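First the structure, in the form of structure tokens, and then the observations on it.
The values are calculated or read from the model by the stated rules, or taken from the named source; none is laboratory data. Predicted model only: the values in this text are computed from it and were never measured. Every residue, glycine among them, receives a Cβ derived from its backbone with ideal geometry; neighbour counts consider all protein chains shown. For the accessible areas, the whole protein counts, side chains as well, though only heavy atoms, and no ligand, DNA or RNA atoms are used. Shrake-Rupley method; radii C 1.70, N 1.55, O 1.52, S 1.80 Å.
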Amino acid sequence: MDTQRPDSTHDARDAHGADAADEPSGPAHGTGRRFLLGAAVLGAGGAVLGLGGTAGAAGAGAAAGRGGLRSLPVPAIIGHRGTSGYRPEHTFGSYELALDLGADIVEAGDLVPTRDGHLVCRHEPEIGGTTDVADHPEFAARRTTKLLDGVSTTGWFTEDFTLAELKTLRAVERIPANRPHNTLYNGRWEIPTFEEVLKWQDEQTRRRGKQVWIYPETKHPTYFRKLGLGLEERVAKLLHRYGKGKRNSPVILQSFEPGSIQRLNTLVDNPLVVLLSSAGSRPWDFVEANDPRTVADLITPGGLREIAGYAQGIGPTLDLVIPRNTDGTLGTPTTLVADAHKAGLVLHPYTMRNENPFLPAEFRKGTAADAYGDAFGAFRAYFATGIDGVFTDNADTGLLARADFLAG
């Protein structure tokens, strides 16, 4: 997803040309979760080693049926905000299509709070670009400018609305220049709450006869804690209410702020993942705490070992796995995959998209912003590094690419 603020999600940081108690708990608290994700790495067989072919396919198959994270295929296909290549993001339409297309996990929930303390699923707290709020004259006076993690941001913010007010809005396509076809669905779906997502997860699991996994993210947790709207406690309360705060629960939690993951580590037993933006960026909680470290420090062997003390995985931008050359083509893969695996961490990088502007230069076809390039070629290059999964806006493309890769 480029700079961490204000667009701190799985897309602003990787779209070239387009677009938390803060102390970790002791080893005993995290060991079980680390073992489970570590087993997923081991269960990947040749795929994790970058060997591909039948070894990878056999390894992924062997992981099935053992329960928990070990039941997830490797590399896992993670539906980014649902299947946002085909439907407006963070809607039940997007989430359900991701499942229909076969996604292994659905990123159901970039979690931000309402004024009355409910958690809702939006790309950012600023909702001018993802809802029809601008068409509601009754909310015109709510438009304002705020300093969001150091960046002046103008628009409408979830924390200035009650849940009842937000429920009068409808979702719209966030990047219509790249996805004009998605605008067909503007106005069809409302904003889901996290509690609704948890109920939906159970309903879909029953209906489909297989466990549905979700991958929510705490958004701007330091910003919201300073407003008296702490995210982690609200997340934990709902997970415990629905019996989903355990190490085997099908809910993976993620955040760009290591402090948020540390806080969650004291509240729930779910698998936890630290998201990582560009190498020179600093997590906002580090900025607030005057911690001079950057993402580059976190992805050293020592930094990864520290993360492994309170989390089970990392979600790096794809550019941390394979940097891009000055001409936008892929360079030489880094040692991040091997280093992370050595620390016992899984890697779920972000974000693969089919459209030209989001692909490395050698995989683009023409220059049209809404045209597809050779996404299969790009998937193949990233899978070959041994990543354990990938966020993608196009789950069907990812699944076909994985089948090609494992077939060798």
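Step by step: first the residues of segment 335-368, then only those that are over 23 Å from the mean Cα position of the chain (by Cα) and among the aliphatic types (A, V, I, L, M), then the one that is farthest from Gly309 (Cα to Cα). Which residue is that?
Ala368
Can you tell which of Gly315, Gly386, Gly398 is part of a strand (DSSP E or B) and crowded, with 24+ Cβ neighbours inside 10 Å?
Gly315
Based on this model, can you work out whether Asn265 counts as open to solvent by less than 10 Å² (accessible area, probe 1.4 Å), more than 16 Å from Gly109 (Cα to Cα) and either of a type outside the set (Asp, Glu) or assigned to a strand (DSSP E or B) (or both)?
Against the criterion (open to solvent by less than 10 Å² (accessible area, probe 1.4 Å), more than 16 Å from Gly109 (Cα to Cα) and either of a type outside the set (Asp, Glu) or assigned to a strand (DSSP E or B) (or both)), Asn265 qualifies.
Can you tell me how many residues in segment 242-257 are within 17 Å of the chain's Cα centre (by Cα), assigned to a loop (DSSP other than H, G, I, E, B) and under 20 Å from Glu203 (Cα atoms)?
Adding up the residues that qualify gives 2.
How about segment 79-135: which of its residues are of a type in the set (Asp, Glu), out of contact with any strand residue (DSSP E or B) (no Cβ under 9 Å at 6 or more places or on another chain) and in a loop (DSSP other than H, G, I, E, B)?
Asp116, the sole residue that qualifies.
Any residue at all in segment 197-213 that is crowded, with 19+ Cβ neighbours inside 10 Å and touching a Cys at 6+ places or on another chain (Cβ under 7 Å)?
Checking segment 197-213: at least one residue is crowded, with 19+ Cβ neighbours inside 10 Å and touching a Cys at 6+ places or on another chain (Cβ under 7 Å).
Take the residues in segment 92-121 that are touching a Leu at 6+ places or on another chain (Cβ under 7 Å) and of a type in the set (D, E, K, R), then tell me which one is least open to solvent (accessible area, probe 1.4 Å).
The selected residue is Asp104.
Give the residues of segment 140-183 that are hydrophobic (A, V, I, L, M, F, W, C) and open to solvent by 10 Å² or more (accessible area, probe 1.4 Å), sorted by residue number.
Selection gives Ala140, Ala141, Leu147, Val151, Trp156, Leu163, Ala164, Val172, Ile175, Ala177.
Select from segment 324-375 the residues that are hydroxyl-bearing (Ser, Thr, Tyr) and open to solvent by less than 10 Å² (accessible area, probe 1.4 Å) and list them in ascending order.
Tyr350, Thr351
From Leu229, Leu239, Leu169, which residue is outside any loop (DSSP other than H, G, I, E, B), at pLDDT 95 or above and in contact with a strand residue (DSSP E or B) (Cβ under 8 Å, 6 or more places away or on another chain)?
Testing whether each residue is outside any loop (DSSP other than H, G, I, E, B), at pLDDT 95 or above and in contact with a strand residue (DSSP E or B) (Cβ under 8 Å, 6 or more places away or on another chain) leaves just Leu239.
When you go through Tyr185, Tyr223 one by one, which is the residue that is at pLDDT 95 or above, farther than 26 Å from Arg305 by Cβ, touching a Lys or Arg at 6+ places or on another chain (Cβ under 7 Å) and among the hydroxyl-bearing types (Ser, Thr, Tyr)?
Just a single option satisfies the conditions, and that option is Tyr185.
If I filter segment 218-231 for residues that are β-branched (Val, Ile, Thr) and crowded, with 24+ Cβ neighbours inside 10 Å, do I get at least one hit?
Yes, segment 218-231 has at least one match.
Does Leu147 satisfy the condition of being in a strand (DSSP E or B) and more than 18 Å from the chain's Cα centre (by Cα)?
yes
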